[in-house]
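Contents: one structure, followed by commentary.
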Amino acid sequence: MILLKYSNTIEKKIHGNSDLYIDSLMKKIQGKLRNIEIRSEIINDTIIFKRTVRIASDCGDTKADTLKILREGQFRIKKTNSNNIEIFWEVELDTLLFLSITIGLVLGLILGFFIGFGGFMLISSIIIIGLAISTIAYLFGLNFILTTIDEIIETSI
């Protein structure tokens with residue numbers, strides 16, 4: 001489903017040895033992912049990254065980690081000919097969708113009861129407010145993910 005994945009591709013012309021450039025680019029991307037605390041591994045021409053969230057009973061960093069929306073995806077770098085490479089990336093957005101719907105429902109309930117309409121107006125206002133907040137949260141999260149991934153690519157190239 002298009003809502004649950006973001007993918008893009010760019011091509012770049014390489015001057016010199018493209019194999020060395022690809023290795024260097026993969027290490028740079030992996031270093032950028034490590035800087036934002038995402039584990040990654042290289043399998044053939046693909047960097048697979050995944051942020052694992054440990055649930056613990058303390059009030060430390062684990063609760064903040066659950067709200068980090070850039071969780072998993074991949075970068076694939078391959079040679080198209082001797083002087084060009086293709087960089088493809090794909091990011092899973094299912095966590096973003098879940099968190100935006102949850103935020104919309106909770107804030108919709110709170111604001112619906114705070115406004116204090118009765119009966120059918122209460123239910124319809126909760127639904128409308130919840131959908132609006134969910135959409136806004138999804139768009140903000142999507143913008144954050146796009147900016148982060150584009151920054152990783154641009155600073156690595």
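Quick note: the coordinates plus some simple rules give every number you see, no bench work behind them. All values derive from a computational prediction rather than experimental measurement. Note that we place each Cβ from the backbone using ideal geometry, even for glycine, and neighbour counts take in every protein chain shown.
Only residues of the range 1-31 count here: report those whose backbone N is under 18 Å from the spot 7 Å along Cα→Cβ of T102, or say none.
4
Could you calculate the contour length gain from T52 to I128, that is, 0.36 nm times the residue separation minus the distance between their Cα atoms, to one decimal place in nm?
Once the chain is fully extended between T52 and I128, it gains 24.0 nm.
For K79 and H15 in the same chain, what is the full-extension length gain: residue separation times 0.36 nm, less their Cα-Cα distance, in nm?
Result: 21.8 nm gained on full extension.
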